[in-house]
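Please read the structure below before turning to the comments.
The values are calculated or read from the model by the stated rules, or taken from the named source; none is laboratory data. Note that the coordinates shown come from a computational prediction; the quantities given were computed from them, not determined experimentally. Every residue, glycine as well, gets a Cβ built from its backbone with ideal geometry; the counts of neighbours run over all protein chains shown.
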Amino acid sequence: MFVMAIDTLISVLGLVNLIALMAVVIIGLPHGAFDGVVSIYLGYSSRSHSLSFVGVYIGLSGLVVYLWLIFPVASLITFLAFSIIHFGLGDARAANGWFRWIQVLAHGSIVVAGISQSHRSEVGKIFYYLSDGMAEPIWYFIDIVSVIAVAAIIIYGCKAVWEYRWRMGFLEIIILLILFSQVPPLAGFAFYFCCIHSTRHLLKIRKSIEKIMLRRMAYVQTGGLTVISWFAGGVAFWFCVSEFTLESSILRVIFIGLAALTVPHMLLIDFVFRRHSVHSY
């Protein structure tokens, strides 16, 4: 039965897309489960504090899903905007100042706009599913982001010409743009999300949480959030598959689920952890 299920998924999604989506679910999504360890680092170490943290985290995720079901277009645009900022903050090398935000826009925008513009047909189908058939406003947003990305990359490139320390970051952008244009969109996103974003995130928070990871509660938090996210995804898929096609259901569950986890993850990492961490992030 398992082999038949895999064969069905391959026939619907294609082998490359199936591997990419599995990587996002198995490797990419759990990197946010370390948010439980981050909460312990921030002082939420008691049982009551941990339960409160998990409750707020799940509540925010549920709110995102609820709003997405009511306002799919606005929710998708907001999710893409949040992703640009979150990815950009994770990849930017400048510590502060106006050039840091140029880097944030350049690095973050290429993931969203670079993949979308390189594969408009395939990405358009995903946007169609996620926006309940109202993808046109999404493309307006992508076009605006693309203009911003080009301007930010040009400024970034000029800065890199004059200052050696920014050249590796600029080279990373060029390599990723080439990669995104040559591989299927889901594969390009999975590579970035799993191999670059998740890895870089864990390496950056490692110094702050490495002592906490020795605590039993850290493993409980991390494992608990991972299992909860997978279980919620399974339940959501069970409901979706009775209303939509198999392909639509899978893409809806993964990307709406990703959005639901991104909001509390971004609030915690980008607006709380960065301010309290004694190590550079």
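General observations
- Among the residues making up region 88-107, those that are under 21 Å from TYR140 (Cα atoms) and either of a type in the set (Phe, Trp, Tyr) or in contact (Cβ under 8 Å) with a residue 60 or more places away in the chain (or both) are ALA106, HIS107.
- Exclusive hit being polar (S, T, N, Q), at pLDDT 95 or above and in a helix (DSSP H, G or I), set SER121, SER109: SER109
- Evaluation of SER181 against (1) crowded, with 16+ Cβ neighbours inside 10 Å; (2) of a type in the set (S, T, N, Q); (3) over 25 Å from LEU267 (Cα atoms) (one fails), failing number: (1)
- Positions within region 103-128 being buried (at least 21 other Cβ atoms within 10 Å of the Cβ) and either farther than 21 Å from GLY90 by Cβ or among the charged types (D, E, K, R) (or both), in sequence order: VAL123, ILE126, PHE127
Table: residues versus (1) touching a His at 6+ places or on another chain (Cβ under 7 Å); (2) at pLDDT below 80; (3) closer than 27 Å to CYS195 by Cβ; (4) in a helix (DSSP H, G or I).
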position	(1), (2), (3), (4)
PHE34	no, yes, yes, yes
TYR44	no, yes, no, no
VAL56	no, no, no, yes
LEU63	no, no, no, yes
ALA74	no, no, no, yes
ILE77	no, no, yes, yes
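- Cross-chain or 6+ apart pairs with Cβ under 9 Å, region 161-177 first and among the aliphatic types (A, V, I, L, M), then not in a helix (DSSP H, G or I): MET168/ARG93
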